[in-house]
Structures are given as C-alpha cells and as structure tokens.
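The values are calculated or read from the model by the stated rules, or taken from the named source; none is laboratory data. What you are looking at is a predicted structure, and each value in this text was computed from that prediction instead of being measured. Positions of Cβ are generated from backbone atoms using ideal geometry, with glycine treated the same way; all protein chains shown enter the neighbour counts.
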Amino acid sequence: NAGVTQTPKFQVLKTGQSMTLQCAQDMNHEYMSWYRQDPGMGLRLIHYSVGAGITDQGEVPNGYNVSRSTTEDFPLRLLSAAPSQTSVYFCASSDGRSSGNTIYFGEGSWLTVV
Amino acid sequence: SQQGEEDPQALSIQEGENATMNCSYKTSINNLQWYRQNSGRGLVHLILIRSNEREKHSGRLRVTLDTSKKSSSLLITASRAADTASYFCAPSNQAGTALIFGKGTTLSVSS
C-alpha cells in the first residue's frame, strides 16, 4: 500500500493564481482531512470529509475549497492564492469505523505564494 | 474533537536521559493519541491510550492518562538523537472525526 499520497511536493504560485493540491489514499478510509502547518502554529485543520460526497469546514477554511467525489481522493483547491497561504499542507486519512481513529499522514506539500 | 495543549513547548536533553512531555485537554475523551513529526515530514502515530486505561507502554515509550486531571504524559526513556522531533497529542471524544492538534513539544536530543 502507498498510504496517503500528496502531489505536488513543492509549488510556487503567484498571487491570484489557482491550483489544486492532490491527495489520494489506498486504505479505503472513510475520513480524510487537510491541515496546514505554519512555524509556531502547529497544525490547523482546513477541511475534512467523513465520506464520499460529504465535506465540512475545519478551523481555517477560508480561501480553500474541497470535494470528495470518491473514497480515495480529496483534492484541496486554492481559487485565488494569497501570500498568507504560504504554508506546508498535509493530507490525512483515517478509518472512522474503529473507535481509535489512527490518522495516517501524507508527506506534505510545500506551497509558496509570491 | 478538541485540541490538546502540549507542555513544554521545547525540551533539550542529552542522549540517554529521559524526556517527559505533557498534554492537557478540556472535556471528556474516548481516547488520546500521541504523534511524532520529524523535520520536514508528516506526522506518525506513536501510541493510543483509551479513557479506561491509566498507563500504556510501547518500547521506550510510556504514556499515562489521568482523566480526573484531564492530562496525559509521554515519557521517552533512554533518549537517542533519532528521537529529535516534535511531539503532538490529540484527544478524541468522537470516533472517526478529524483530530485537532496543538503546537506540539519540540524535543532536541544531543549526543
């Protein structure tokens, strides 16, 4: 199993550009989520999904869109990138059917908005 | 789910010493997990302790949970340079929901 795969690993965007961070998992997990991590801020939850067709906002959803058309994929879209969105983004998934929902993380996507 | 708060924010020790980091939370939980993050990498699950457990061991890791004080501690015994990382706790009171992470404890182990 590949686990949680994120692409791209590095990306530089100009202010106002749009892009999609891809996330795929091959563990048949119901739950997927996106976090951003900034220096000194820990991880902050952007959006999450409890299953295909269902998404919800986390702590810092503004400026980001998500969709969950399949169990495997959970892309994160930046419609109009801003310098404040410069960050490291982590996608994660978990099997919600178990009471101890261990989260599996991708390796991160480093995004710089200039 | 709720956010845990790790303490201290940073910890520096010598190889061979024990490292203890703490986590506090606000409301009742079903379980609490600890994760490690090496620099530039994603978080990796270390250990889970359920609300009806008081202590759990995994190799050099020992986790305790005191639900009356709403706190947990992670002890790493005989630390190694490879233990240098950030450590996060994640309390959960609902199965299968997204976990909220705090700022973590940054552990530096020098040889």
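Numbers below:
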quantity	calculated
Output for the stretch B:1-51, where each listed residue is surrounded by fewer than 19 Cβ atoms within 10 Å (Cβ to Cβ), under 13 Å from the mean Cα position of the chain (by Cα) and assigned to a loop (DSSP other than H, G, I, E, B)	B:PRO8, B:GLN9
Residue within the stretch B:92-106 that is outside any loop (DSSP other than H, G, I, E, B), at pLDDT 95 or above and either within 21 Å of B:LEU11 (Cβ to Cβ) or out of contact with any Pro (no Cβ under 8 Å at 6 or more places or on another chain) (or both) present	yes
Condition met for A:ARG68 (outside any loop (DSSP other than H, G, I, E, B), within 14 Å of chain B (Cβ to nearest Cβ) and surrounded by 16 or more Cβ atoms within 10 Å (Cβ to Cβ))	no
Enumeration of residues in the stretch B:59-75 that are out of contact with any Asp or Glu (no Cβ under 8 Å at 6 or more places or on another chain), assigned to a strand (DSSP E or B) and under 18 Å from B:VAL109 (Cβ atoms)	B:LEU61, B:SER73, B:LEU74, B:LEU75
Some residue of the stretch A:94-107 being touching a residue at least 60 places away in the same chain (Cβ under 8 Å), more than 19 Å from B:ARG36 (Cα to Cα) and of a type in the set (Ser, Thr, Tyr)	no
Counted residues, the stretch B:30-65 - those being aliphatic (A, V, I, L, M) and either facing chain A (nearest Cβ under 8 Å) or within 21 Å of A:GLY108 (Cα to Cα) (or both)	4
In the stretch A:38-47, the residues that are more than 11 Å from the chain's Cα centre (by Cα) and either in a strand (DSSP E or B) or hydrophobic (A, V, I, L, M, F, W, C) (or both)	A:ASP38, A:MET41, A:GLY42, A:LEU43
Near pairs, Cβ below 7 angstrom, 6+ apart or cross-chain, from the stretch A:42-56 (in contact (Cβ under 8 Å) with a residue 40 or more places away in the chain and surrounded by 16 or more Cβ atoms within 10 Å (Cβ to Cβ)) to any residue that is among the aromatic types (Phe, Trp, Tyr) and assigned to a loop (DSSP other than H, G, I, E, B)	A:LEU43/B:PHE101
A:SER94 being more than 13 Å from A:VAL4 (Cα to Cα), touching a strand residue (DSSP E or B) at 6+ places or on another chain (Cβ under 7 Å), of a type in the set (Ser, Thr, Tyr) and facing chain B (nearest Cβ under 10 Å)	no
